[in-house]
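Engineer: Here it is: the structure, laid out below.
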Amino acid sequence: MDLLFIVVGLVLLILGGDWLLKSAVGFSLRLQIPKIIIGMTVVSFATSAPELIVSLKSALQGHSDLAMGNVIGSNIANLALVLGITVLLSDIKVTQSFFKTDWPIMMLASILLYVFIVFDGQLVAYEGAILFGALVAFLVYMLKFQKTAVEDEMPEDDEELPLWKALLFLAVGGVALWGGSELLITGAVGLAEQFNVSQRIIGVSIVSVGTSIPELSASIIAVLKKEKAISLGNLLGSNIFNILAVLGLTAVIHPIEIVDKGLIENDIYWMLGISFLILPLSFFYRKMNFGKPEGGILLLIYIAFIYTMIF
């Protein structure tokens, strides 16, 4: 039964990613908003919904390590696994605004989380409120000042949808992503528990990969359809949402107390290191470009991370 849950969950996630992408493109055209902003708001929020549901449910049930490990592992997977696979399929070119705004905001959110949890091993209500307040400020900034950061190679293929259809794709896609993630996580955790794996390892590896599959499916579909602004914006925005919205809201509702110190002695440093590495990778080897070499490096780093978790 667990294997069936995993297969059905994957199918729902792939379909949900396609529907969500159609909705995002439709909204960006109708509202005349740059697609990088749609990717970092509408799509990122919908693809971060599984992390929010899993983390909140875990914290309320007293499984704080699963809640925190889910977000930290998901942020690592988004940049090392998902971005790595995405740029292996097709190069992504970026402009100066990526370095000036998008990456710094993601990095600042990561550092803020580190400061909150590394000293006392917990994320309490007022810290969660600060994180969520930072999210509101981030969204206001994005809507007012952010420029398009990635080239759209085929704008002629854009389709402006009727409002009802865009809303329908958004709703159905979001539900499919949520349902698919729930099935995938249920199946994966069911299989993992047979081997008596700790909550931290389940959260940082299996559950985080499961909740990152919406980002993977949405990003791959975006790249194949030449909607790279949504692909890159979705990944950066999802990491920001995971920290500021998922952990922020979860901590406000129920404090997150870390039991397994490996989260703050090892995993958080992997997240910070990979988040920082995105910057030099974007201009050291081939300036203003993510391509196959960068994708290969990111995937090797993710394999090394998983290896250290298992062994």
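Any read-out appearing in this document is the output of simple, stated calculations on the displayed coordinates, not a laboratory observation. What you see is a predicted model, and the numbers here were worked out from it, not measured in a lab. Heads up, the Cβs are rebuilt from the backbone with ideal geometry, glycines too, and the neighbour counts pull from every protein chain shown.
Engineer: Using the scaling law 2.2 N^0.38 Å as the reference, what is the normalised Cα Rg of the stretch 44-117?
Structural biologist: For the stretch 44-117, the normalised Cα radius of gyration is 1.31.
Engineer: Find out how many positive minus negative residues lie around residue 189, taking Lys and Arg as positive, Asp and Glu as negative, among other residues whose Cβ is under 15 Å from that of residue 189.
Structural biologist: -3
Engineer: If I take R0 = 25 Å and measure r between the Cβ atoms of residue 292 and residue 269 in this structure, what FRET efficiency does the formula 1/(1 + (r/R0)^6) give, to the nearest 0.05? All intermediate terms of the calculation are to be shown ahead of the outcome.
Structural biologist: Working: r = 27 Å, r/R0 = 1.08.
According to the calculation, E is roughly 0.40.
Engineer: Let me have the 222 nm mean residue ellipticity of the chain computed from DSSP H runs of 4+ only, each contributing -39500 (n - 2.57), with the sum over all residues rounded to the nearest 500.
Structural biologist: -22500 deg cm²/dmol
Engineer: Among 18-27, 109-118, how do they line up by average Cβ neighbours within 10 Å per residue, starting with the highest?
Structural biologist: 18-27, 109-118
Engineer: Now for a separate question. Most mobile of 290, 145, 276 per a Gaussian network model of the chain (Cα springs, under 10 Å)?
Structural biologist: With Cα springs under 10 Å in the chain, the top fluctuation among 290, 145, 276 is at 145.
Engineer: Can you give the relative contact order of the chain as a percent, counting alpha carbon pairs under 8 Å and 6+ residues apart?
Structural biologist: 44
Engineer: Quick check of the Kirkwood formula: for the stretch 2-310, what is the inverse mean of 1/r over all pairs of different Cα atoms, in Å? Walk me through the intermediate numbers first.
Structural biologist: On the way: mean 1/r = 0.0527 Å⁻¹.
Its Kirkwood hydrodynamic radius stands at 19.0 Å.
Engineer: Order these peptides, 198-207, 81-90, 258-267, by their mean beta-carbon neighbour count within 10 angstrom, highest first.
Structural biologist: 198-207, 81-90, 258-267
Engineer: Got a sec? Charge dipole of the chain, +1 on Cβ for Lys and Arg, -1 for Asp and Glu; which of 1, 221, 256 is way out at the positive end?
Structural biologist: 221
Engineer: I want to check the label-to-label distance for residue 120 and residue 141. Put each point 7 Å from Cα in the C-beta direction and report it in nm to one decimal.
Structural biologist: With each label placed 7 Å out from Cα toward Cβ, I get 2.5 nm.
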